[in-house]
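Engineer: Handing you this structure, nothing more for now.
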Amino acid sequence: MHNFDAVGRRPGSRLVPRSANNLQRLTCAIGILLSLSISIHAQSNSPEARAANLAVCRQRADALLARMTLEEKIGQMVLITSTQVVTGASTNTSPLEREIRASRCGNVFNAFGADYVRRLQQIAVGETRLKIPLLFGFDVIHGFKTVFPIPLGEAASWDMEAVERADRVAAVEATAAGLNWTFAPMVDIARDPRWGRIAEGAGEDPFLGSAIARAAVRGFQGTSLADPSSLLACAKHFAAYGAAQAGRDYNTVDMSERTLREIYLPPFNAAVDEGALSVMAAFDELNGIPATANRFLLQQVLRDEWGFPGFVVSDYTSVNELVNHGIATNEYDAGRAALNAGLDMDMQGFIYHDYLQKMLQDGDINQKQVDDAVRRILTVKFALGLFDDPFRHASDEREAALDNYPAEHLNAAYHLASESLVLLKNDKNLLPLKPGSNLAVIGPLADLRSDLLGSWSGAGDPRAAESVLASIKHDNAGGQVVYANGCDISSDDKSGFTAAVDAARRADVVVMLLGESADMCGEASSRTSINLPGVQTELVGQIAQTGKPLVIVLMNGRPLALEEESSLANALLEAWFPGTRGGQAVADALFGKTNPSGRLPVTFPRNLGQVPLYYNAKNTGRPINPARPREKYKSNYLDSPNDPLYPFGYGLSYTTFTYSGLKLDRDTLHPGESLTVTVDVANTGQMDGVETAQLYIHDLVADVGRPVLELKGFQQVELRAGEHRQITFEIGEKELSFLRADMTWGTEPGNFDVLVGPNSRDLQSARFELAGRPASR
Ligand code: BGC
C-alpha cells in the first residue's frame, strides 16, 4: 500500500490542457483582458509566495489585535446585509451605518456601487478608532454586470480557461463597483435534479468539480489578492449541502464519511489548495450535526487536515437556525455551538453581535477563540491590501466604463455561452439551419430576456441581452420567422396552442424554445417533478403532429426528464440559462456559425424515479445483464431501464469524432511510476469542431468496492474536418488512489481498466496491473 499526503486532492488542471492551437485562438480573442490580469501561472501566486505573504499579513493582524477592545474584535466577526439587495429574510433591526460607526459591524454584504461602498468604507476608516476597513461581499456567481451562463452551463463547457476568464471578468467588474469578496464558487456536488441549486454548481463529478473550483478561484482572486481587480473567493457551502434528502432545499444530509470525502469534499479541498481564503458553512445538518456547528468539518477537516488559513463565514442566519435544527435551546446556545465548532463570522444572524461578549464573561467561550477568529479575518483583510488602500476596489472610472459593456467582457460571455451549449440530438443533421429559412419560432422562452440571465445574476441587466428570437431573426437573413408564444412556462393555459400550430404548419422548420423560468432554479427552488413545467410537453406533442422538422432548444437549470421531447424532436439543444450574450450564442449555434461542443456535467435521467442517477455508481451484487435488462432478481426496475437518457459527459457536434488505437505504454505499473495512455482522435465529419476526450478508470478489485467509472482526466482538442491527433494522458498513483478500508488515501495493487471516449457511455478500454504487495484481505 502507498500512502499519499493529499486528502482527496486532485490534479485537476494537470490533465486538462487545451490544445496549443485553441489556446492561441482564445488568447487573441481576449488579448486586452489577458493583459489586464489573466496570468495563470504567475510566480507571485505560487503556494509558497501565498504562504509567505500570509505570514506577513498574520503578523500585521496580530499587532492590530493587540490594540483591539473586545467590542471591536466582535465587530470583525459580524457580517450584515445592506438593504440594497436582499437575499434572505431580513433580521436587520439596526441601521447599518450606526453599527459600522460603533465598530460593531466589520463586514457588509449586498452593498455595491463605487459611491455607496465608498461612503460606508469612509465611516469604517474615517470614523472608528482603529480604522479597520470593511469587507464588501456579494453573490457574484456567474458574472456581475456581464452575465455568463449559470455555473452548471459553464461546467458544460469543460473549458477551464474559459471558466477562469469568466470569473476574472466578473472580478474586474465587481471590484469596480467596490466589492472585494464574492460568495463563490459554489462547489457543491449534486446528484439530485430536484434540488434547485444544482444550477449553481459544476454538477455531479468530483474531478470536473475540482478542476472548475480551481479555475474559479484563480479567476476571482487573480494572480494576487492585493490587486485592485481581485475578489476574495468563498468556497461554499461547506459541506454536502447538495445531498439534501429528496432534493428539498435546506434538508438533512446523512452520508458515509467515505462518500463525503471521496465525492463531496474534493472540490472544497481543491478551492482551498488553490488559495481561496474564505469558506461558507452550509445550511444542512450533516450526520446529526449542522454544518454551521460541525467541528469535524470546520476544524478537523478544513484546518487540521487541509491547513486552511482563511476564515469561515456562516450562511445567511444559519447560526440562528441551529435552534430549529434542535441542537441549541436559544440563540446564545447557538452562537456558542458555532464558535466552538470554529465558525469565525456570523452572516446576518446578529448572534455573535449580541451574545459573544456575555459568552466570554460567562466562561462559555474563551478569549483565544475570539482572537483566533479575528486574526483570521484581519489576515485576509491585510492580504486584500485593504489597510494599504481601503478604497482600492471602488473606481468611478472603471465602474462607469462598465455601462458600455466592454467588448472583451461581452466576447468572453459569448464565447463561454457558445461552449456551454450541449447538442443532445441531431437526427439527419437537421442542424445547422440554413440562413434564409422559413421558420416558426415557438415557445415561452423565445422572446424573454430576463430568464436568459438565470438565477443569481448579480447586477446583470436583461435589457443588455438580446432574446433568442431577435437573434434568430438576425441570423436568418433573407428568410422568414413567424413567432408564436404557444403557452407560458408554467401555467396550464392552452389558448395559444392554435396559433402556434398554425405557425408551425406554415413553416419549413420549427424551433421551439422551452424550459424553466430562471426563478425555478437556484435557492429555495426545489421541484418534485423534473418534467418541463406547465403544458409545454403537450404543446410539443401538437407541434410534432404537424410533421414539420422540429428543433427544441432548452433553457433550464437542472437535468430534466426529456424522454418524450427527445422522441418527438429531431434535434435537441441544451442551452441552460446562457447569460447576457446567450441569445446570440444560441442563434449562432443553430445556424452553424459555431459548432456546439458542450458536454453534460451531470446525468440526464429518463424519469424522476431513477434519481439519484450518476455515472460513478457501484456495480452492486446483482448488476443487470445489458442483453436482458428486465431479468428478475437483478438490480433494475420493472417499469424503466437503468440507463440515463443522456449520460454524464455526453454531447454531440455538427461533425463526428472517432477514437482509435487506445494504447498504454506498459501493462504493469510499479509504485512511483506513471503510465502513458495514448489514443487517436479523428474528426471524420465535414466541419471543424472541438472534442472533449474523457479518461475514466475502473479499479476492478479493492478492499472497498470502487465505482464502475471514475473520471480522471479530460482534454479538449480543436480538430479541423479530416484532421486527427494523438492525445496523451498520464496516470500515476494519485489518479489511482482512493479512501481505503482503513480510511487512509492510497492505492491497492491489482488490475485497473482505463477507459477513454467522448462520454461516460461510449468508451474503449485497456487493462493494466498496478504491482505491489497484495492488500491484506
Ligand atoms: C445562500 C448563499 C448566499 C447567501 C448570501 C444564502 O441564502 O445560501 O449561497 O451566498 O445567502 O446572499
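The values are calculated or read from the model by the stated rules, or taken from the named source; none is laboratory data. For clarity, every value in this text was computed on a predicted model and none was experimentally measured. Note that each Cβ is placed from the backbone with ideal geometry, even for glycine, and that neighbours are counted across all protein chains shown. What goes into the accessible areas is simple: the full protein's heavy atoms, side chains included, and nothing from ligands, DNA or RNA. Shrake-Rupley method; radii C 1.70, N 1.55, O 1.52, S 1.80 Å.
Engineer: Which one of Glu285, Glu262 is charged (D, E, K, R) and touching a residue at least 60 places away in the same chain (Cβ under 8 Å)?
Structural biologist: Glu262
Engineer: Now for a separate question. List, please: which pairs have Cβ atoms under 7 Å, are six or more places apart or on different chains, and start with a residue in the range 517-534 that is closer than 19 Å to Ala575 by Cα and end with one that is assigned to a helix (DSSP H, G or I) and basic (Lys, Arg)?
Structural biologist: From the range 517-534, the pairs are Gly522/Arg197.
Engineer: Hey, another quick one. Would you check which residues across the range 393-425 are over 30 Å from Val117 (Cβ atoms) and either in a loop (DSSP other than H, G, I, E, B) or open to solvent by less than 20 Å² (accessible area, probe 1.4 Å) (or both) and list them?
Structural biologist: Residues satisfying the conditions are Ser418, Glu419, Ser420, Leu421, Val422, Leu423, Leu424.
Engineer: Scanning the range 663-683 for residues that are touching a Gly at 6+ places or on another chain (Cβ under 9 Å) and aliphatic (A, V, I, L, M), which turns out farthest from Thr747 (Cα to Cα)?
Structural biologist: Ala682
Engineer: Let me spell it out: the conditions are (1) of a type outside the set (A, V, I, L, M); (2) assigned to a loop (DSSP other than H, G, I, E, B); (3) within 26 Å of Arg58 (Cα to Cα), and Thr317 meets all of them except one. Which number is the exception?
Structural biologist: (3)
Engineer: Moving to a separate point now. Scanning for something in a helix (DSSP H, G or I), more than 15 Å from the ligand (Cβ to nearest atom) and modelled with pLDDT of 95 or more, does the range 175-184 turn up at least one residue?
Structural biologist: Yes, some residue in the range 175-184 is in a helix (DSSP H, G or I), more than 15 Å from the ligand (Cβ to nearest atom) and modelled with pLDDT of 95 or more.
Engineer: Every residue in the range 344-392 that is open to solvent by 10 Å² or more (accessible area, probe 1.4 Å) and either within 16 Å of the ligand (Cβ to nearest atom) or not assigned by TED's automatic domain parsing to the domain that holds Arg303 (or both), please.
Structural biologist: Phe350
Engineer: Of (1) assigned to a strand (DSSP E or B); (2) open to solvent by 10 Å² or more (accessible area, probe 1.4 Å), Val701 satisfies all except one. Which?
Structural biologist: Of everything listed in (1) assigned to a strand (DSSP E or B); (2) open to solvent by 10 Å² or more (accessible area, probe 1.4 Å), Val701 misses just condition (1).
Engineer: Take the conditions open to solvent by 30 Å² or more (accessible area, probe 1.4 Å), within 28 Å of Thr580 (Cβ to Cβ) and hydroxyl-bearing (Ser, Thr, Tyr) and apply them to Ser526. Does it pass?
Structural biologist: yes
Engineer: Does Ala226 satisfy the criteria of being open to solvent by less than 10 Å² (accessible area, probe 1.4 Å) and either closer than 16 Å to Arg165 by Cα or outside any helix (DSSP H, G or I) (or both)?
Structural biologist: Answer is no for this residue.
Engineer: Next up: When residues of the range 104-131 are filtered for being of a type in the set (Val, Ile, Thr) and either surrounded by 23 or more Cβ atoms within 10 Å (Cβ to Cβ) or within 16 Å of the ligand (Cβ to nearest atom) (or both), how many remain?
Structural biologist: So the answer is 2.
Engineer: Could we say that Tyr659 is surrounded by fewer than 20 Cβ atoms within 10 Å (Cβ to Cβ), in contact with a Gly (Cβ under 8 Å, 6 or more places away or on another chain) and closer than 26 Å to Phe604 by Cβ here?
Structural biologist: Answer is yes for this residue.
Engineer: Do you know which residues across the range 105-124 are farther than 12 Å from Gly178 by Cβ and assigned to a helix (DSSP H, G or I)?
Structural biologist: Ile123, Ala124
Engineer: Now, a different point. If I filter the range 574-591 for residues that are assigned to a loop (DSSP other than H, G, I, E, B), on the phi > 0 side of the Ramachandran plot and crowded, with 17+ Cβ neighbours inside 10 Å, do I get at least one hit?
Structural biologist: Yes; the residues of the range 574-591 include at least one that is assigned to a loop (DSSP other than H, G, I, E, B), on the phi > 0 side of the Ramachandran plot and crowded, with 17+ Cβ neighbours inside 10 Å.
Engineer: Shifting gears a bit: Kindly provide the set of residues from the range 280-293 that are more than 12 Å from the ligand (Cβ to nearest atom) and open to solvent by less than 10 Å² (accessible area, probe 1.4 Å), ordered by number.
Structural biologist: Selection gives Leu286, Pro290.
Engineer: Select from the range 223-251 the residues that are more than 16 Å from the ligand (Cβ to nearest atom) and either of a type in the set (Val, Ile, Thr) or in contact with a Leu (Cβ under 9 Å, 6 or more places away or on another chain) (or both) and list them in ascending order.
Structural biologist: Result: Thr223, Leu225, Ala226, Ser229, Ser230.
Engineer: Also: Just checking, which of Ala341, Ala271 is open to solvent by less than 10 Å² (accessible area, probe 1.4 Å) and over 20 Å from Gly201 (Cβ atoms)?
Structural biologist: The match here is Ala341.
Engineer: Test Gly326 against the criterion of being away from the ligand (no atom under 16 Å from the Cβ), open to solvent by 40 Å² or more (accessible area, probe 1.4 Å) and either within 25 Å of the chain's Cα centre (by Cα) or of a type outside the set (Asp, Glu) (or both), and give yes or no.
Structural biologist: Yes; evaluated as a whole, the condition is true for this residue.
Engineer: Only one of these is open to solvent by 70 Å² or more (accessible area, probe 1.4 Å), outside the structural domain of Pro149 (by TED's automatic domain parsing) and closer than 22 Å to Ala587 by Cβ: Asp492, Asp508. Name it.
Structural biologist: Answer to the selection: Asp508.
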